[in-house]
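So the structure is just underneath, and the comments pick up after that.
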Amino acid sequence: MLTDDLFPCCKITRLINLDAFLRERIRGQEPVLSRLTAALQRSELGLSKEGRPKGSFLFLGPTGVGKTEVTLAFTRYLLGPESLFRFDMSEYQLQENLSDLIHSISGVCRKKTRGTLLFDEIEKAHPRIFDVFLQILDAARLTTADGHTLELSGFYVVFTSNLASSEVLDLQHSAFATMKRHVLARAQQHMRPELYARIGEKLVFGKLDYEVQVQIAADFLECELEFLRSRGHQLEVAPEVLPFLVRKGFHPKLGARPMRDAVERHIGEAVVRDVLAGGTGSGRLCTAREADRLQVERS
């Protein structure tokens, strides 16, 4: 029986609320979030095997669907700010980059004893770099060139990949189980079998449909308004603003990134135009009748 001495009530409460926290921030990926939450809860309660990372994950799916964002979200929630360490594998395409990666991971271990190591787009890494991943997944340790051993048992390890993105897009109208099976088969064919087998959870992110992107646009809009309020700009939003932003930012293949860019660019430009015209950047945000853009109407 679990005791309060082993698991304080505050920690239990945070783990109970983890699923809701992630669903507020990641839209349209409910099957992924359910499995991810369960795996994270097991790890945080000490049920991961000794001599391994706290948890290991492979996130598959098209660009802009939340793979990196969910990693950032769960890391901040469970481990606190500045606990995510991201490595862009497009920077490690040559064999000589192997020592650079080990040096970078070593730098992380000197500063932190826990966190999340995020290896983005691992299909771009040189094959020799997979040996580093095998060391980490096998024993949660990594040996440097000078013989020093890095301890990584306090870290989550996340790999992201755009492998099989075309399958996600082509099979989006098929049953989720069918799409997932195709994507995982493609990933297994591409990756070294010993690496694929050692990753604890392989999770497939689906394409974001139009309705989900409308929700995401509303989230981005609220975040941008909050940011502008912190800079002293108070904006009241007209009803037509959200449909305008959705029209500018929706992309069926590139996911949420174009939407975020559209929200930040169009609202930011409206505020800038008002300030340069002698205003304060505060007022009613609406669409301009004479141009295909947003404007700030002063009170």
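The values are calculated or read from the model by the stated rules, or taken from the named source; none is laboratory data. All figures in this text were calculated on a predicted structure; none of them were measured in a lab. Virtual Cβ from ideal backbone geometry, glycine too; neighbours counted across all protein chains shown.
Run down Gly283, Gly279, Gly268 and say which single residue is among the small types (Gly, Ala, Ser) and under 27 Å from Val70 (Cα atoms).
One residue alone meets the criteria, Gly268.
Given the structure, is Thr75 at pLDDT 90 or above and surrounded by 15 or more Cβ atoms within 10 Å (Cβ to Cβ)?
Taking the combined requirement at face value, the residue satisfies it.
State all residues of the range 236-268 that are of a type in the set (Asp, Glu) and farther than 15 Å from Ile216 by Cβ; if no residue qualifies, say none.
Within the range 236-268, Glu236, Glu240 qualify.
When you scan the range 15-29, do you find a residue that is under 18 Å from Ala140 (Cα atoms) and not hydrophobic (A, V, I, L, M, F, W, C), even just one?
no
Could you count how many residues in the range 28-69 are among the hydroxyl-bearing types (Ser, Thr, Tyr) and more than 30 Å from Asp261 (Cα to Cα)?
Of the residues in that region, 3 qualify.
Being free of Cβ contacts under 8 Å to residues at least 60 places away in the same chain, in a helix (DSSP H, G or I) and not assigned by TED's automatic domain parsing to the domain that holds Arg260, is that true of even one residue in the range 43-66?
Looking for residues that are free of Cβ contacts under 8 Å to residues at least 60 places away in the same chain, in a helix (DSSP H, G or I) and not assigned by TED's automatic domain parsing to the domain that holds Arg260, one finds at least one in the range 43-66, hence yes.
Of all the residues that make up the range 123-159, how many are part of a helix (DSSP H, G or I) and either hydroxyl-bearing (Ser, Thr, Tyr) or in contact (Cβ under 8 Å) with a residue 40 or more places away in the chain (or both)?
Of the residues in that region, 10 qualify.
Any residue in the range 189-218 that's surrounded by fewer than 14 Cβ atoms within 10 Å (Cβ to Cβ): show its pairings with residues that are among the polar types (S, T, N, Q) at Cβ separation under 8 Å, as long as the two are six or more apart or on different chains.
Cβ pairs passing all conditions: Asp209/Gln172.
For the range 203-227, what are the residues that are under 16 Å from Leu60 (Cα atoms) and either over 15 Å from the mean Cα position of the chain (by Cα) or hydrophobic (A, V, I, L, M, F, W, C) (or both)? Lay out the reasoning, then the answer.
At the first step, the residues of the range 203-227 found to be under 16 Å from Leu60 (Cα atoms) are 203-208.
Hits for the range 203-227 are Leu203, Val204, Phe205, Leu208.
Looking at the range 80-87, is at least one residue touching a residue at least 24 places away in the same chain (Cβ under 8 Å), within 15 Å of the chain's Cα centre (by Cα), surrounded by 14 or more Cβ atoms within 10 Å (Cβ to Cβ) and part of a helix (DSSP H, G or I)?
No, the conditions are met nowhere in the range 80-87.
Give the residues of the range 281-297 that are touching a His at 6+ places or on another chain (Cβ under 7 Å) and over 13 Å from Val241 (Cβ atoms), sorted by residue number. First the steps, then the outcome.
Taking the range 281-297 first, the residues touching a His at 6+ places or on another chain (Cβ under 7 Å) are 281-282, 293-294.
The answer is Gly281, Ser282.
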